[in-house]
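One structure is given below, encoded as structure tokens.
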Amino acid sequence: MNTGAAVGQVDLGDHICWTYDDETVGLDAVGWFVASGLLQDQKVVCFLGVLDPAAVLAAVRERGAAPEEALADGHLRIGPAAESYRPDGRFDPDRMISALADESARAQREGYTGLRLVGDMSWATRDDVVELCRYEASVNRLFPDGRVAALCLYDRRLFPADDLREMTSTHPSTVGPRTGRTWVPLLRAYRTGQPPGLRLVGQVDISNRAAFAAMLTDATDRLSSGRAVVLDLSEGQLRRRGRRHRPGRRRPGGPPARGATGGVPPTAAPTARPGRRGGAGVTGTLPAQDEFVHEGLFYLDTDALVAGLVPFVAGGVAAGEPVLVAMPRAHLDLVRDAVDDPDAVCWADMADAGRNPGRIIPWVLQAFVDRHPGRRVRIVGEPIWVGRSDVEYPACAQHEAMINAAFTGRPATILCPYDAAGLDDTALTDAYATHPVLVDATGRRSSPAYAPSDVVAHYNTPLPAPPEPVDVRAYHVDTLPELRRFVAGRATVAGLDADRVADLQIAVTELAANSIAHAGGSGVLRMWTTSEHLVCEIHDGGWLTDPLAGRLTPASDGVGGRGLVIVHALCDLVRVHTTPAGTTVRLHMRCRP
């Protein structure tokens, strides 16, 4: 297991049981967990037992954070676990949960983006096990609001197997010595308001049954008498036996990842249902295992769209390739209805997953490829459709161009449908330039206009002037807390809910911190509203020389390089203009229905 990669999957809202039988593994996990929290401007509180505080500080420092400075200003707090959990020699679960809830509220008032907790349970004796199980189950009530993350450390050498099994079942997700290299949290839960209840992402099974039961009980207790809890299982599963499904990665600091989920493709291929007509289906010879294929499919009506895509999807399933279809809902439903076994395919609403085009490569396409290591995958992706706004389109065209560099050498085939009857000439011309292979009713051919780098450069232009009024704030390292408070106030006035306000605070903090660290130590923030969005713009003297910056998730063995990827995950649209003279990043957050 790559500890840094596993901890990198943990985010606000996660309650993780981390079991180990080697203290160096526990130290490694805590080092990554604390460093990641500090770098994301989350308050971090550690209750340590067998791990030496000095060793923890050294591990955090080695992973890119500054723990001594964080201790000095209250960003990080370390205390002994035994005295924290048993201040008077007695463990009271309700008292501890209340204290943690107060700590979370305090972190929010202090302007932090969230709270991270490390709890080393080596203090517990056999007599504490029953109350400790009750505590671990009940504390799950703190997490569905997405403001707290916790890493609970259990040394397997200190707990009998039966006790440890009960303890892990009170956590939505568990990591252990046998955890695989591609671990992600098994279950996440998010509290919903309308209708009141829980949205589940991932899987409930025997391994986390007590955690789920506790969250369901808490959701019920929050309702007035006679009202029912609504469970949203659109991204979740309830299973009677052990793990089979693994959910996709969630965006830091906010709601879960919006890529597709689904079952393992069976060996039998789905086929088109009778009565379909239209253009030629996309078939052809199989590419080499490590060859990347990127094709544009041009269709004139929905019948031609279905006729073109169903053979492509069926061929992938027949070849044993994982298949993802990511399209706007109306087209998604058409294709799904045209295959005999839709459960063989992963489906994603591109209007949601790809609302921000900069999110598509890291959080939809790359995430799907990474979930199937060593296997060739097949993807349908429709990022440009009739109705995309003029302000979104440049980012869409750049996305299509960047796919080619992002996936070179990756074993994947990506087919992008284009409405040749409904899209304007600009979109179709750009599609010829961003796809090396073109497909339509007449067949397949190489594009004579293929020039993706030209498209990226063409849309790297100064962003349109904003409408008045515009709020302007200069910032530097000493004014970051004030900047976060200003952004939160402006976003609240614009009508963003609390979660979206927190998302925007995180995004602005990431960009401002980058300005301070890499672009001369300062920058300028501007904010305004349009008919649909709150817009927040960061300008500094830096230069993004890599067009793919923010479009690929960073290597799993480091905590750096995630800033712009996080920004893309949190915002509804991100536009960038960069030159040697400076960089402007414009964030759009939808504030109107």
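For the pair residue 232 and residue 522, the difference between a 0.36 nm per residue extended length and the Cα-Cα distance amounts to 100.0 nm. A P(r) calculated from all alpha carbon pairs of region 427-487, with 5 Å bins opening at zero, reads 4, 13, 14, 11, 9, 9, 8, 9, 9, 7, 5, 2, 0 percent. Sorted largest first, the spans of the alpha carbon positions of region 419-536 along the three principal axes are 60, 33, 27 Å. Report, in degrees rounded to the nearest 10, the 0 to 90 angle that the Cα long axis of helix 498-518 makes with the longest principal axis of the chain. Helix 498-518 sits at roughly 90 degrees to that axis. Solvent-accessible surface of the chain, taken per residue with a 1.4 Å probe and all protein chains present: 41 Å². Of the solvent-accessible surface of the chain, computed with a 1.4 Å probe over protein heavy atoms with every protein chain present, carbon and sulfur atoms account for 52 percent. Listed peptides 96-106, 291-301 appear in the order 291-301, 96-106 once ranked by packing, highest mean of other Cβ atoms within 10 Å at the front. From the C-alpha coordinates alone, can you work out the Kirkwood hydrodynamic radius of region 114-202, in Å? Evaluated on region 114-202, it is 14.5 Å. Across all directions, the average flat footprint of the convex hull enclosing the Cα atoms of region 7-144 is 8.1 nm². Computed over the Cα atoms of the chain, pair by distinct pair, the Kirkwood hydrodynamic radius stands at 25.3 angstrom.
The values are calculated or read from the model by the stated rules, or taken from the named source; none is laboratory data. All values derive from a computational prediction rather than experimental measurement. FYI the Cβ positions are ideal-geometry reconstructions off the backbone, even for glycines, and counts take in every protein chain you see. Surface accessibility is based on the protein's heavy atoms, side chains included, excluding ligands, DNA and RNA. Shrake-Rupley method; radii C 1.70, N 1.55, O 1.52, S 1.80 Å.
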